[in-house]
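Read through the structure below, which is laid out as C-alpha coordinates, and then see the notes.
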Amino acid sequence: MTQQTSIEWTELSWNPTTGCTKISPGCQYCYAETMSRRLKAMGLKDYRNGFSLTLHPDRLSEPLRRRKPSMYFVNSMSDLFHKDVPDSFITAVVATISQAYWHTFQILTKRAERMAAYFANRRVPPNLWLGVTVENYEHGMPRIEDLRRINAAVRFISMEPLLEDLGYLDLTDINWVIVGGESGVKARPMRPEWVLRIKAQCDEQGSIFFFKQWGLWGPDGIKRSKKANGRLLQGHTWNGMPQAKRSMAPV
(Lines give C-alpha, C1' and ligand atoms only; values in the text may rest on other atoms or scores of the structure.)
Protein backbone atom coordinates (compact mmCIF):
# COMPACT_ATOMS: atom_id res chain seq x y z
CA MET A 1 0.00 0.00 0.00
CA THR A 2 0.99 3.66 -0.31
CA GLN A 3 2.28 4.98 3.00
CA GLN A 4 3.84 8.06 4.50
CA THR A 5 7.50 7.36 5.21
CA SER A 6 10.15 8.69 7.56
CA ILE A 7 12.83 8.33 4.86
CA GLU A 8 14.28 11.81 4.61
CA TRP A 9 14.75 11.95 0.84
CA THR A 10 11.22 11.04 -0.23
CA GLU A 11 7.58 11.56 0.77
CA LEU A 12 5.66 8.32 0.23
CA SER A 13 6.48 4.64 -0.25
CA TRP A 14 4.73 2.42 -2.79
CA ASN A 15 5.36 -1.32 -2.63
CA PRO A 16 3.98 -3.24 -5.62
CA THR A 17 6.29 -6.04 -4.49
CA THR A 18 7.46 -7.03 -1.02
CA GLY A 19 10.21 -9.36 0.12
CA CYS A 20 13.69 -9.98 -1.22
CA THR A 21 16.85 -12.09 -0.91
CA LYS A 22 20.32 -11.00 0.19
CA ILE A 23 23.02 -10.50 -2.44
CA SER A 24 25.75 -8.33 -0.89
CA PRO A 25 27.12 -7.06 2.47
CA GLY A 26 24.70 -4.12 2.58
CA CYS A 27 21.85 -6.63 2.89
CA GLN A 28 23.20 -8.28 6.05
CA TYR A 29 20.99 -6.43 8.54
CA CYS A 30 18.14 -5.49 6.20
CA TYR A 31 15.56 -3.22 7.84
CA ALA A 32 12.86 -4.41 5.42
CA GLU A 33 13.34 -8.02 6.47
CA THR A 34 12.93 -7.11 10.13
CA MET A 35 9.86 -5.00 9.37
CA SER A 36 8.28 -7.71 7.19
CA ARG A 37 8.57 -10.27 9.98
CA ARG A 38 7.02 -7.83 12.43
CA LEU A 39 4.11 -7.10 10.09
CA LYS A 40 3.55 -10.81 9.50
CA ALA A 41 3.43 -11.38 13.27
CA MET A 42 0.82 -8.61 13.50
CA GLY A 43 -1.36 -10.52 11.06
CA LEU A 44 -1.21 -8.16 8.06
CA LYS A 45 -2.38 -10.21 5.09
CA ASP A 46 -0.04 -8.52 2.61
CA TYR A 47 2.89 -9.80 4.68
CA ARG A 48 1.60 -13.34 5.19
CA ASN A 49 4.68 -14.55 3.28
CA GLY A 50 7.04 -12.64 5.53
CA PHE A 51 10.11 -11.58 3.56
CA SER A 52 9.59 -14.03 0.69
CA LEU A 53 9.23 -12.18 -2.58
CA THR A 54 5.55 -11.44 -3.22
CA LEU A 55 3.89 -9.55 -6.08
CA HIS A 56 0.94 -7.29 -5.28
CA PRO A 57 -0.88 -6.53 -8.55
CA ASP A 58 -3.74 -4.97 -6.58
CA ARG A 59 -1.37 -2.14 -5.60
CA LEU A 60 -0.41 -1.16 -9.14
CA SER A 61 -3.00 1.61 -9.47
CA GLU A 62 -2.47 3.23 -6.06
CA PRO A 63 -0.47 6.30 -7.22
CA LEU A 64 -3.13 7.08 -9.83
CA ARG A 65 -5.66 7.68 -7.07
CA ARG A 66 -3.56 10.40 -5.42
CA ARG A 67 -3.93 13.72 -7.24
CA LYS A 68 -1.52 15.76 -5.11
CA PRO A 69 1.92 15.72 -6.83
CA SER A 70 4.19 13.65 -4.59
CA MET A 71 7.57 11.95 -4.41
CA TYR A 72 7.27 8.15 -4.31
CA PHE A 73 9.99 5.69 -3.30
CA VAL A 74 9.13 2.51 -5.20
CA ASN A 75 9.63 -0.72 -3.24
CA SER A 76 11.06 0.38 0.08
CA MET A 77 10.29 -3.22 1.18
CA SER A 78 11.71 -5.05 -1.84
CA ASP A 79 13.78 -4.73 -5.03
CA LEU A 80 11.86 -4.32 -8.28
CA PHE A 81 14.68 -5.91 -10.27
CA HIS A 82 14.88 -9.10 -8.21
CA LYS A 83 15.38 -12.09 -10.52
CA ASP A 84 11.96 -13.50 -9.61
CA VAL A 85 10.00 -10.39 -10.60
CA PRO A 86 8.81 -10.99 -14.19
CA ASP A 87 9.60 -8.39 -16.84
CA SER A 88 5.86 -8.14 -17.44
CA PHE A 89 5.30 -7.00 -13.84
CA ILE A 90 8.14 -4.45 -14.04
CA THR A 91 6.51 -3.15 -17.23
CA ALA A 92 3.19 -2.78 -15.39
CA VAL A 93 4.91 -0.77 -12.64
CA VAL A 94 6.62 1.48 -15.20
CA ALA A 95 3.29 1.93 -17.02
CA THR A 96 1.71 3.25 -13.81
CA ILE A 97 4.64 5.63 -13.38
CA SER A 98 4.13 6.93 -16.91
CA GLN A 99 0.39 7.37 -16.35
CA ALA A 100 0.93 9.14 -13.01
CA TYR A 101 2.95 11.90 -14.69
CA TRP A 102 2.20 14.44 -11.93
CA HIS A 103 4.23 12.41 -9.42
CA THR A 104 7.97 11.75 -9.23
CA PHE A 105 9.11 8.16 -8.62
CA GLN A 106 12.43 6.85 -7.28
CA ILE A 107 13.56 3.26 -7.89
CA LEU A 108 16.62 2.03 -5.99
CA THR A 109 18.20 -1.35 -6.69
CA LYS A 110 21.21 -3.51 -5.88
CA ARG A 111 20.51 -5.42 -9.10
CA ALA A 112 21.80 -2.75 -11.44
CA GLU A 113 22.81 -5.15 -14.20
CA ARG A 114 19.23 -6.30 -14.65
CA MET A 115 17.91 -2.73 -14.48
CA ALA A 116 20.32 -1.68 -17.24
CA ALA A 117 19.34 -4.68 -19.37
CA TYR A 118 15.63 -3.96 -18.87
CA PHE A 119 15.94 -0.33 -19.95
CA ALA A 120 18.37 -1.04 -22.80
CA ASN A 121 15.52 -0.96 -25.32
CA ARG A 122 12.87 0.80 -23.27
CA ARG A 123 12.26 4.48 -22.56
CA VAL A 124 12.61 5.66 -18.97
CA PRO A 125 9.65 7.93 -18.10
CA PRO A 126 10.83 11.49 -17.40
CA ASN A 127 9.27 11.40 -13.92
CA LEU A 128 11.26 8.29 -12.91
CA TRP A 129 14.60 8.60 -11.09
CA LEU A 130 16.83 5.53 -11.12
CA GLY A 131 19.35 4.70 -8.41
CA VAL A 132 21.72 2.02 -7.15
CA THR A 133 22.99 1.12 -3.69
CA VAL A 134 26.75 1.41 -3.13
CA GLU A 135 27.77 0.08 0.27
CA ASN A 136 31.36 -0.84 -0.59
CA TYR A 137 33.83 -0.65 -3.47
CA GLU A 138 33.65 -4.25 -4.69
CA HIS A 139 29.89 -4.39 -5.21
CA GLY A 140 29.21 -0.71 -5.73
CA MET A 141 31.50 0.29 -8.58
CA PRO A 142 29.98 -2.14 -11.13
CA ARG A 143 26.52 -0.90 -10.15
CA ILE A 144 27.52 2.69 -10.88
CA GLU A 145 28.76 1.67 -14.32
CA ASP A 146 25.48 -0.11 -15.04
CA LEU A 147 23.49 2.91 -13.88
CA ARG A 148 25.51 5.21 -16.13
CA ARG A 149 24.39 3.15 -19.15
CA ILE A 150 20.74 4.11 -18.63
CA ASN A 151 19.28 7.27 -20.10
CA ALA A 152 17.32 8.54 -17.08
CA ALA A 153 16.34 12.09 -16.15
CA VAL A 154 18.00 11.59 -12.73
CA ARG A 155 20.58 8.95 -11.84
CA PHE A 156 21.32 8.64 -8.13
CA ILE A 157 23.42 6.61 -5.70
CA SER A 158 22.43 5.63 -2.17
CA MET A 159 25.56 4.97 -0.11
CA GLU A 160 23.65 3.54 2.82
CA PRO A 161 24.81 1.69 4.75
CA LEU A 162 28.27 3.04 3.91
CA LEU A 163 30.60 0.26 5.07
CA GLU A 164 34.05 1.43 3.96
CA ASP A 165 36.10 4.21 2.41
CA LEU A 166 35.24 4.21 -1.30
CA GLY A 167 38.33 6.10 -2.42
CA TYR A 168 38.14 7.83 -5.80
CA LEU A 169 34.66 8.01 -7.35
CA ASP A 170 33.83 8.71 -10.98
CA LEU A 171 30.53 10.59 -10.65
CA THR A 172 30.18 11.43 -14.34
CA ASP A 173 26.45 11.60 -15.20
CA ILE A 174 25.47 10.90 -11.57
CA ASN A 175 23.07 13.64 -10.49
CA TRP A 176 22.58 12.88 -6.80
CA VAL A 177 24.44 11.08 -4.00
CA ILE A 178 22.85 10.06 -0.68
CA VAL A 179 25.10 8.98 2.20
CA GLY A 180 24.00 7.33 5.45
CA GLY A 181 25.20 5.14 8.27
CA GLU A 182 23.56 1.92 9.39
CA SER A 183 20.93 1.71 12.12
CA GLY A 184 19.67 -1.27 14.08
CA VAL A 185 21.21 -3.14 17.00
CA LYS A 186 23.93 -4.82 14.91
CA ALA A 187 24.83 -1.75 12.88
CA ARG A 188 28.35 -1.36 11.54
CA PRO A 189 30.09 2.00 12.08
CA MET A 190 30.65 4.68 9.44
CA ARG A 191 33.67 7.00 9.76
CA PRO A 192 33.39 10.77 9.21
CA GLU A 193 36.39 10.87 6.85
CA TRP A 194 34.63 8.46 4.46
CA VAL A 195 31.63 10.81 4.27
CA LEU A 196 33.70 13.97 3.88
CA ARG A 197 35.71 12.42 1.04
CA ILE A 198 32.47 11.62 -0.79
CA LYS A 199 31.08 15.10 -0.22
CA ALA A 200 34.27 16.71 -1.51
CA GLN A 201 34.07 14.64 -4.69
CA CYS A 202 30.41 15.54 -5.15
CA ASP A 203 31.34 19.22 -4.86
CA GLU A 204 34.23 18.82 -7.33
CA GLN A 205 32.26 16.82 -9.89
CA GLY A 206 28.90 18.57 -9.67
CA SER A 207 26.76 15.85 -8.04
CA ILE A 208 24.15 16.96 -5.50
CA PHE A 209 24.93 15.73 -1.95
CA PHE A 210 22.42 14.54 0.67
CA PHE A 211 23.49 13.36 4.13
CA LYS A 212 20.77 11.13 5.55
CA GLN A 213 22.00 10.05 9.01
CA TRP A 214 24.84 8.76 11.19
CA GLY A 215 22.77 5.80 12.32
CA LEU A 216 23.66 3.86 15.46
CA TRP A 217 27.28 5.06 15.58
CA GLY A 218 27.99 8.74 16.03
CA PRO A 219 30.80 10.66 14.30
CA ASP A 220 32.76 10.32 17.55
CA GLY A 221 32.59 6.53 17.35
CA ILE A 222 30.11 6.18 20.23
CA LYS A 223 26.95 4.09 20.03
CA ARG A 224 23.72 5.99 20.61
CA SER A 225 20.21 5.95 19.24
CA LYS A 226 19.83 7.01 15.63
CA LYS A 227 17.85 10.04 16.77
CA ALA A 228 20.53 11.09 19.25
CA ASN A 229 23.29 10.90 16.63
CA GLY A 230 21.20 12.93 14.21
CA ARG A 231 22.04 14.20 10.74
CA LEU A 232 24.59 16.97 11.24
CA LEU A 233 27.81 16.83 9.25
CA GLN A 234 30.33 19.53 10.14
CA GLY A 235 27.52 21.31 12.00
CA HIS A 236 25.14 21.43 9.02
CA THR A 237 22.34 19.41 7.47
CA TRP A 238 22.85 18.61 3.80
CA ASN A 239 19.52 18.11 2.05
CA GLY A 240 20.46 18.60 -1.57
CA MET A 241 18.00 17.09 -4.07
CA PRO A 242 17.46 17.34 -7.82
CA GLN A 243 14.50 19.44 -8.90
CA ALA A 244 11.40 17.29 -9.45
CA LYS A 245 9.81 17.99 -12.83
CA ARG A 246 6.13 17.75 -12.00
CA SER A 247 3.27 18.60 -14.30
CA MET A 248 -0.49 18.42 -14.32
CA ALA A 249 -0.38 17.68 -18.05
CA PRO A 250 1.13 14.68 -19.86
CA VAL A 251 4.82 15.00 -20.70
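Could you go through segment 115-125 and let me know if any residue there is in a helix (DSSP H, G or I), out of contact with any Lys or Arg (no Cβ under 9 Å at 6 or more places or on another chain), of a type in the set (A, V, I, L, M, F, W, C) and open to solvent by 20 Å² or more (accessible area, probe 1.4 Å).
yes
Just to be sure I understand the filter: pairs with C-beta atoms under 6 Å, separated by 6 or more residues or on different chains, first member in segment 114-126 and closer than 11 Å to I150 by Cβ, second member of a type in the set (D, E). Which pairs pass?
A116/D146
Of everything in segment 60-101, what is surrounded by fewer than 16 Cβ atoms within 10 Å (Cβ to Cβ) and not in a helix (DSSP H, G or I)? Give them in sequence order.
Residues satisfying the conditions are S61, R66, R67, K68, K83, D84, P86.
Kindly evaluate K186 against the criterion of being touching a residue at least 40 places away in the same chain (Cβ under 8 Å) and surrounded by 14 or more Cβ atoms within 10 Å (Cβ to Cβ).
Values: touching a residue at least 40 places away in the same chain (Cβ under 8 Å): yes; surrounded by 14 or more Cβ atoms within 10 Å (Cβ to Cβ): no.
Considered against the rule, which asks whether it is touching a residue at least 40 places away in the same chain (Cβ under 8 Å) and surrounded by 14 or more Cβ atoms within 10 Å (Cβ to Cβ), K186 comes out as no.
One residue is enough: does segment 164-179 have a residue meeting the conditions part of a loop (DSSP other than H, G, I, E, B) and within 16 Å of the chain's Cα centre (by Cα)? Reasoning before the result, please.
Here is the first cut: in segment 164-179, the ones part of a loop (DSSP other than H, G, I, E, B) are 164-175.
Keeping just the survivors that are within 16 Å of the chain's Cα centre (by Cα) gives 174-175.
Checking segment 164-179: at least one residue is part of a loop (DSSP other than H, G, I, E, B) and within 16 Å of the chain's Cα centre (by Cα).
Would you pick out the residues in segment 1-16 that are out of contact with any Asp or Glu (no Cβ under 8 Å at 6 or more places or on another chain), of a type outside the set (A, V, I, L, M), surrounded by 16 or more Cβ atoms within 10 Å (Cβ to Cβ) and not in a loop (DSSP other than H, G, I, E, B)?
Correct list: S13 only.
Have a look at A112, A116, A120 and point out the one that is among the aliphatic types (A, V, I, L, M) and farther than 25 Å from C30 by Cβ. Step through it out loud before you land on a result.
On the way: A112 fails: farther than 25 Å from C30 by Cβ; A116 fails: farther than 25 Å from C30 by Cβ.
Selected residue: A120, the only one of A112, A116, A120 that is among the aliphatic types (A, V, I, L, M) and farther than 25 Å from C30 by Cβ.
Please go through segment 21-41 and give me each residue that is touching a residue at least 60 places away in the same chain (Cβ under 8 Å), open to solvent by 20 Å² or more (accessible area, probe 1.4 Å) and within 14 Å of the chain's Cα centre (by Cα), ordered by number.
Within segment 21-41, just Y31 meets the criteria.
For N49, which of the numbered conditions (1) assigned to a helix (DSSP H, G or I); (2) more than 21 Å from the chain's Cα centre (by Cα) fails to hold?
The number of the failed condition is (1).
Looking only at segment 196-225, filter to residues that are touching a Leu at 6+ places or on another chain (Cβ under 6 Å) and assigned to a helix (DSSP H, G or I); which one of those is surrounded by the most Cβ atoms within 10 Å (Cβ to Cβ)?
So the residue we want is Q201.
Output the number of residues of segment 81-115 satisfying the condition of being touching a helix residue (DSSP H, G or I) at 6+ places or on another chain (Cβ under 6 Å) and under 22 Å from P161 (Cα atoms).
Looking only at that region, the number is 5.
Taking P57 as the residue in question, decide whether it is farther than 25 Å from G184 by Cβ, at pLDDT 95 or above and surrounded by fewer than 17 Cβ atoms within 10 Å (Cβ to Cβ). Spell out how you get there, then give the answer.
Details: farther than 25 Å from G184 by Cβ: yes; at pLDDT 95 or above: yes; surrounded by fewer than 17 Cβ atoms within 10 Å (Cβ to Cβ): yes.
Yes; evaluated as a whole, the condition is true for this residue.
Please specify each residue of segment 161-179 satisfying the condition of being buried (at least 22 other Cβ atoms within 10 Å of the Cβ) and either touching a helix residue (DSSP H, G or I) at 6+ places or on another chain (Cβ under 8 Å) or without any contact (Cβ under 8 Å) to a residue 60 or more places away in the chain (or both).
From segment 161-179, those buried (at least 22 other Cβ atoms within 10 Å of the Cβ) are 161-163, 169, 174, 176-179; that's our starting set.
Residues satisfying the conditions are P161, L162, L163, L169, I174, V177, V179.
The values are calculated or read from the model by the stated rules, or taken from the named source; none is laboratory data. Keep in mind it's a predicted model, so treat the numbers as computed, not measured. Cβ sites come from the backbone with ideal geometry, for glycine too, and all protein chains shown count toward neighbours. Quick note on the areas: whole protein, heavy atoms, side chains included, nothing else; ligands and nucleic acids left out. Shrake-Rupley method; radii C 1.70, N 1.55, O 1.52, S 1.80 Å.
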